[in-house]
Amino acid sequence: MLERGPSRQAPSGRMDNEGFVSAGYLVVRRVGRPGYVDSAAFPEQIVSASDHLAPVLPVVPAGWIEALAAPPGPFSGFADAAQGNLLWALEADLERFGLDGTRAAELSDWLAVAAARGDFHPPSAFVSVAAARRFVRSFGPFPGDTLILGLALRETDIDPVTAVDDGITSVSRLPACGAPPEGDGYLLGFDVYGVDEGDLRPWVRRHGAVECLASHGLCTNGCGLFDGLDTAVEASAALSACGERWFAWRLAAYPLTAA
């Protein structure tokens, strides 16, 4: 159990973007605290950029959109199989959001166009808030607990993060992007994720992580995030001491529609 319970109010506020690079914009839902997490470690509802912990829409495995565009040929059967798997996965993604799963094929086509335009990178990252909002307009109405989540990384962490990511994903593209986060977001806090083929792994699912951070006196806020960057960096260092690489990420909320 953590030494201090979570703050019941998130330390939300306007952001200072200096030193940060955008890692994309995700459409996510708040989720209830997982049953395996002690209530002393997390509040009743949390926000996460990891599909391992909370619903993220869409979640497209790297390479599948490319497979959809594969021309007919000796290996087109592989592309057909990838398309079938993609549609099944997108149907499940839609249903996790309480949306119509029968629109999976429409969603697949929409994502393929967005990817070709450079507006979307697998597995889940839109390159701008405007692109994420176009997605929301096209496939809503979304539940009230949905938000656009802006994910940002310190400039000094770009090379270390991409070095451990072996996929052709939004994370792999960070060095080429380098765009600053958009300025109209509202800071929710900081989280700690590992990276594998662009997939963000939440620290709370790592065996012994809660106990590890409890020993350092670290706690989460009303969103299930860390209040400040220094706390998240300390948490990532404590977890990385066991051999895996963990990094501090900044999470900000953006309205689903423009003002």
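Okay, here's what the table says:
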item	result
Residue within region 10-29 that is under 21 Å from Leu149 (Cβ atoms), polar (S, T, N, Q) and at pLDDT below 85 present	yes
Every pair of residues 6+ apart whose Cβ atoms lie under 6 Å, when the first sits in region 214-237 and is without any contact (Cβ under 8 Å) to a residue 24 or more places away in the chain while the second is crowded, with 18+ Cβ neighbours inside 10 Å and assigned to a strand (DSSP E or B)	Val233/Ala248
Filter result for the condition that a residue is without any contact (Cβ under 8 Å) to a residue 40 or more places away in the chain and under 18 Å from Ala253 (Cβ atoms), over Gly144, Gly118	Gly144
Some residue of region 102-124 being surrounded by 14 or more Cβ atoms within 10 Å (Cβ to Cβ), among the β-branched types (Val, Ile, Thr) and either under 24 Å from Val31 (Cβ atoms) or modelled with pLDDT of 90 or more (or both)	no
Criterion (surrounded by 23 or more Cβ atoms within 10 Å (Cβ to Cβ), small (Gly, Ala, Ser) and more than 23 Å from Arg29 (Cβ to Cβ)) met by exactly one of Ala235, Ala252, Ala241	Ala235
Qualifying positions in region 179-206 - buried (at least 20 other Cβ atoms within 10 Å of the Cβ) and at positive phi	Gly189, Gly198
Qualifying position, being outside any strand (DSSP E or B), modelled with pLDDT of 90 or more and hydrophobic (A, V, I, L, M, F, W, C), among Val204, Val233	Val233
Whichever residue in region 39-97 is touching a Lys or Arg at 6+ places or on another chain (Cβ under 7 Å) and of a type in the set (Val, Ile, Thr) and, among such residues, is modelled with the highest pLDDT	Val47
Count of residues meeting criterion [in contact with a helix residue (DSSP H, G or I) (Cβ under 9 Å, 6 or more places away or on another chain) and either surrounded by 16 or more Cβ atoms within 10 Å (Cβ to Cβ) or part of a helix (DSSP H, G or I) (or both)] in region 207-219	6
Members of region 135-144 that are more than 18 Å from the chain's Cα centre (by Cα) and either surrounded by 13 or more Cβ atoms within 10 Å (Cβ to Cβ) or charged (D, E, K, R) (or both)	Arg137, Phe139, Gly140
Ala248, sole failed condition from (1) among the small types (Gly, Ala, Ser); (2) at pLDDT below 80; (3) within 18 Å of the chain's Cα centre (by Cα)	(2)
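The values are calculated or read from the model by the stated rules, or taken from the named source; none is laboratory data. In this text, all values refer to a predicted model and were calculated from it rather than measured experimentally. Please note: Cβ atoms are built from the backbone with ideal geometry, for glycine as well, and neighbour counts cover all protein chains shown.
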